[in-house]
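Trainee: Dropping a structure here in structure tokens format, bear with me for questions.
The values are calculated or read from the model by the stated rules, or taken from the named source; none is laboratory data. As the structure is a computational prediction, the values presented were derived from the model and not from experiment. Quick reminder, even Gly has a Cβ in these numbers, built from the backbone with ideal geometry, and neighbours come from all protein chains shown. To get the accessible areas, we keep the full protein, side chains included, count just its heavy atoms, and leave off ligands, DNA and RNA. Shrake-Rupley method; radii C 1.70, N 1.55, O 1.52, S 1.80 Å.
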Amino acid sequence: KPHNWFQLIKFGAVGASGYIVNLIVYEIARQMFDIHYLLAAVIAFVFAVTNNFLWIRHWTFKATDGHAGFQAARFFVVSLFALAFNLAVLQILVAAGVGEFPAQAVAVICATPLNFIGNKLWSFDSRR
């Protein structure tokens, strides 16, 4: 349906902002604070997931009629699954010789479809 495509485009735009937040925080944690790349990815996730929840709830799915706390909890669960997938891809890519920064960039992109589907069908489902 066209509505789903518009939501996907909005989700992608929000995801792009979260992607930038993620990569900036990831690189700051690694370079400035000498944090291990996997822990840096988790720290970056926390910043990006907060950014993304606010934008996705209010702009992408316009889900302001639902209870924000329940939506946030479901969003966080979906995001944790996406993070686990991200970390697995990141670890595989780094083990294969890909640099840590490009590996994180690819891993975030790989986790995006899982994130969209989970949030559309569960976190912000208008039938809830």
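Trainee: Where in region 1-40 is the amide nitrogen less than 19 Å from a point lying 7 Å along the Cα-to-Cβ axis of Q91?
Mentor: Once the point is set 7 Å along Cα→Cβ of Q91, 35-40 turn out to lie under 19 Å by backbone N, inside region 1-40.
Trainee: Cα axis of helix 100-118 to longest principal axis of the chain: angle in degrees, 0 to 90, nearest 10?
Mentor: 20 degrees
Trainee: Among C110, V42, G69, whose Cα projects farthest towards the positive end of the dipole of the chain, with charges put on the beta-carbon of Lys, Arg (+1) and Asp, Glu (-1)?
Mentor: G69
Trainee: What FRET efficiency do you get for W5 and F33 if R0 is 25 Å and r is their Cβ-Cβ distance, rounded to the nearest 0.05?
Mentor: Working: r = 40 Å, r/R0 = 1.61.
Computed FRET efficiency for W5 and F33 comes out at 0.05.
Trainee: May I ask you to rank W55, W122, W5 by accessible area, largest first, using a 1.4 Å probe over the protein chains only? Please report the intermediate quantities before stating the final value.
Mentor: Details: W55 140, W122 90, W5 165 Å².
Sorted descending by solvent-accessible area, the residues read W5, W55, W122.
Trainee: Same structure, new question: Work out the length of the dipole vector of the chain about its Cα centre, built from +1 on the beta-carbon of each Lys and Arg and -1 on the beta-carbon of each Asp and Glu, and round it to the nearest 20 debye. Write out the running numbers ahead of the final one.
Mentor: Values: 9 positive and 5 negative charges, 125 e Å.
About 600 debye.
Trainee: A follow-up question, please. Which one, [x] 143; [y] 127; [z] 93, gives volume of the Cα convex hull per residue in Å³ as derived from the coordinates shown?
Mentor: Label of the calculated value: [z].
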